[in-house]
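Undergrad: Quick one: the structure is below, and I'll ask about it shortly.
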Amino acid sequence: MERIVRTLEESKLILKPVHKVLVECIENGFYDYLKINDFVNENLSFVDLKARTKGSLIHDLIRSKVIQEFSGYENLEVGEFNKVFGINLQNELFIRFKKMDKNFNVSSLITKQHKKYLGQQQIIGFPKEPTLLFAGYIPNETWTSLNGIYLACWNGNVLEWYDEAGKYSYEQLALGLGDDKSTIHREIEKRVDLKKGLRKDKETGTEN
């Protein structure tokens, strides 16, 4: 069974009832990490945490917020799917949580499961129908604030679309011209420039 890759506009309609709370979970998870980091440095000793440690801590804090906020929602399933934490929204969108870089690549161990997720392929233990999305954040260089909170849809090495907390969006559109197909990029309100060929998997992070 081939997975449907839903467009940005289709996804926005599905996300509308939960989008605000979803963004707040990511934002609050990040700022809870800042509180913990400040407390440790002020009351114990300065600890220079590695990026992977920071990312894992933030992920767990976001996870806690998501469980707390979404557990009672109808048509929404929150939990572990083959050891990956995420949300199954109306069996139309599946969302997992990751740190991103400026090109919307996600930090993760390079596993077969991760590659299948990026490629919108079927994965054992995952619902078969939803489009697979990433919800994530981009921290500044010092991890003291957020540059943005995003939802992104990858299909293999192609970034199909992203949405910055409902503010700015980008979507790739395919145009059929006879037997040939060309692609254009549509700007919706405003978009961050995405350089061609910058999609690379990261050898860091965790598979959660």
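Undergrad: When the convex hull of the Cα atoms of the range 8-188 is projected onto a plane and the area is averaged over all directions, what value comes out in nm²? Write down the numbers at each step before the final one.
TA: On the way: hull surface 47.0 nm².
For the range 8-188, the mean projected area of the Cα convex hull comes to 11.8 nm².
Undergrad: Another question, if that's okay. Cα-Cα over 31 Å: which of 20/115; 50/128; 35/112; 12/115?
TA: Values: 20/115 29 Å; 50/128 36 Å; 35/112 35 Å; 12/115 25 Å.
In this structure, 50/128; 35/112 exceed 31 Å between Cα atoms.
Undergrad: Also, quick follow-up: Could you sort 43-50, 55-62 so that the peptide with the highest average Cβ count within 10 Å comes first and the rest follow in order?
TA: In decreasing order of mean packing, 43-50, 55-62 become 55-62, 43-50.
Undergrad: Hey, with R₀ at 22 Å, roughly what FRET efficiency would residue 43 and residue 67 work out to, going by the Cβ-Cβ distance, to 0.05?
TA: 0.20
Undergrad: May I ask you to sort 63, 52, 96 by Cβ crowding, counting other Cβ atoms within 10 Å and putting the fewest first? It would help to have the intermediate numbers written out before the result.
TA: Working: 63 18, 52 13, 96 21.
Listed from fewest to most nearby Cβ atoms, that is 52, 63, 96.
Undergrad: Restricted to Cα positions, what overall size does the range 80-153 have along the principal axes? Three whole-Å values, descending.
TA: Here the Cα extents, ordered largest to smallest, are 38, 26, 20 Å.
Where a number appears in this text, it was derived from the coordinates with a stated rule and is not lab data. The shown structure was predicted, so the numbers you read here are calculated from the model rather than taken from an experiment. Cβ: placed from backbone, ideal geometry, glycine included. Neighbour counts: every protein chain shown.
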